[in-house]
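Everything below concerns the one structure shown next.
Values quoted throughout were computed directly from the atomic coordinates according to the rules given, and no laboratory measurement underlies them. These figures come from a predicted structure and were not determined experimentally. Here the Cβ is made from the backbone with ideal geometry for all residues, glycine too, and neighbour counts use every protein chain on show.
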């Protein structure tokens, strides 16, 4: 594949297969991701081959080492193919150009003309074969691509020159100009453009390659936690429960729990946090992190192919393969661009043939070929995916996971950020400050199976007092309402103050105004009140300040009482009008629906899942805190590290820079095509127009990719948080 037109053809071919719901094709790394039911990989590959493109199914379950090998193989193969063609093409073109410009003169010199023809034929057959075979495959599939334009241009110039030379040799034609040098130069410089494009595109995709390198290929498996040496096995063969030895300087191969030893763990590659974190027995560790100071033994929680690092790689790959709304529009344009160019070239040929004052056929041929070559939409196809690659790669380097290119684009246009309170602006680790022992025991019976921060605080407080919870069954958790279940044969509920007030179970004077509370109910009667304290995150105030400096309004949406919400809002620097309290999950959704501008929603709990999804559906984004519930994380477009709230500002800056670069790339590519086609059609590039067009087309593609590389470098220099 060479352009967006190719991508569109391949996607249509895949989507025509029965059972396919969606197909995403990446121009940058030449892969396709297909979703659907009852899919047969070989059938999908055959559909692509029938459309005129080579295709090979990839194994569904692959280790990161296998993925790295496949990626390296594809990248190296593409770079090397174009490198060889470029070297051969230029080696053949240089003597042609030397003879043409500095030789004794070829006009009427049949012997020298046949030397030029012989050299050009070698270039035509070897260098041109890649273009011709691709164009032929597209023709058989009743479609066209970039190689169609190149092939028609080169074949026209070569065949015209060969026919003229044969006729001149037979004495049937007077001496005329030939274009052997131009045809060979065209192939050489287009190949050079593809080679430079392949190299720079590989650099733009370095983020995914860096992620794939984070997992070691082999691990040292132990028999017992106290063992100091073991046997080496491939990481892909690790199973849950295996004991793995990690020495200083080694990367952790799989997610697991430390069962022996202690170390300072460098987690920067996963979370973006630059300072090592102390980890010891009982602590969880993630694949891809580095043990810096000590030897540890860990017990694997997952197999070698199902680590958190593998999931991150999947998310980054999907983001890079997915498309922004801009890219979808570009693909639509590109799908009809090649046929339109063919029409323009045909009109150019006819008009020059009819109206040229002299040498009409030569002028018509040269200018039509120039149009075909100079209009190749390579740069247009690379404008968006290379920028998305750079942006999503920079985000993943900071521990920010962007699920799709569309989410990256939407994050750039949000006009405000809405925050949940507990676990988002606050630490999410509330402590019980007041509760009777028996009230705590019954409350813990309901809270034991919940991941809500208040539930966790209740269970921890009970353990700290050395008490056991009352056994509960038929437990049900309702987001925004609370917990219910049966204990000792009767119905119990643990609800928020807002719910208790709404149902008339308590009065406002029954609970303190300046503290978060939960109400324990027994068969509709108040059994007790639990009071909590949750500290505001240290970086919350700085976050609100930085978002304000970026022109973004911040709002607090919480189900907690107004008095508590206002206290938290004041602590982080929010205006009282930006604090919206006592909202149910539906209330948060209604707030987002009521906005006329796209908003981002930041949350971490089950009760935030609907709002996170709604934000994305209305043109904004849902941002989940990485330490939150799985439901929240799965509902979000973007996931940030749980202990780094300032990554939200990084997300905004990265998305804005990426969107700006996409626009710059599109302006570069569209300006090139808009200006170049008329210039070529009117013959302003002269008799060597096709050669100039080949150089210009290559430079346009390289300029777009180079601009995306500039984005990558600028994002690397972006001050974190």
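Pop out the Kirkwood hydrodynamic radius of the range 216-306 from its pairwise C-alpha distances, inverse of mean 1/r, in Å to one decimal. By the Kirkwood definition, the hydrodynamic radius is 12.6 Å. Going from the fewest other Cβ atoms within 10 Å to the most, the residues 568, 369 appear in the order 568, 369.
The rule of thumb for compact globular proteins, 2.2 N^0.38 Å, goes into the C-alpha radius of gyration of the chain 1.21 times. Both numbers refer to the Cα atoms of the range 436-512; Rg and Dmax are 12.5, 35 Å.
Each semi-axis of the equivalent ellipsoid for the range 578-721 is √(5λ) with λ an eigenvalue of the Cα gyration tensor; in descending order they amount to 46, 18, 11 Å.
If one takes the longest principal axis of the Cα atoms in the chain, at what angle in degrees, from 0 to 90 and to the nearest 10, does the Cα axis of helix 129-140 lie? Value to nearest ten degrees: 70. The helix-based estimate of mean residue ellipticity at 222 nm for the chain, built from -39,500 (n - 2.57) per DSSP H run of four or more residues and divided by its residue count, is -17000 deg cm²/dmol to the nearest 500. Note on 219, 499, 7: ascending count of other Cβ atoms within 10 Å places them as 499, 7, 219, the fewest first. Here is the size of the range 486-555 from its Cα atoms: Rg then Dmax, 18.0, 57 Å.
Looking at the range 4-51, the pairs of alpha carbons with a distance over 14 Å make up 41% of the total. In this label model, residue 491 and residue 508 are separated by 2.9 nm, measuring between points 7 Å along each Cα→Cβ vector. Each residue in 83, 507 was given a count of other beta-carbon atoms within 10 angstrom of its own, and listing them fewest first yields 507, 83. Counting only alpha carbon atoms, the long axis of helix 41-50 and the longest principal axis of the chain meet at about 30°.
Given a Förster radius of 35 Å and the C-beta distance between residue 73 and residue 359 as r, what FRET efficiency does 1/(1 + (r/R0)^6) yield to the nearest 0.05? After rounding, the FRET efficiency stands at 0.10. With a simple spin-label model that places each label point 7 Å from the Cα along the Cα-to-Cβ direction, the separation between residue 167 and residue 314 comes to 6.4 nm. Across all Cα pairs in the range 488-638, the calculated P(r) in 10 Å bins from zero up to the longest distance comes to 11, 34, 36, 16, 3, 0 percent per bin.
Helix 180-204 and the long axis of the chain differ in direction by around 10°, with both axes built from C-alpha atoms. When each of the peptides 183-193, 244-254, 143-153 is scored by how many other beta carbons lie within 10 Å of its residues on average, the order from highest to lowest is 183-193, 143-153, 244-254. Overall shape of the range 393-499 was characterised from the C-alpha gyration tensor. The equivalent ellipsoid obtained from it has semi-axes of 37, 16, 13 Å, in decreasing order.
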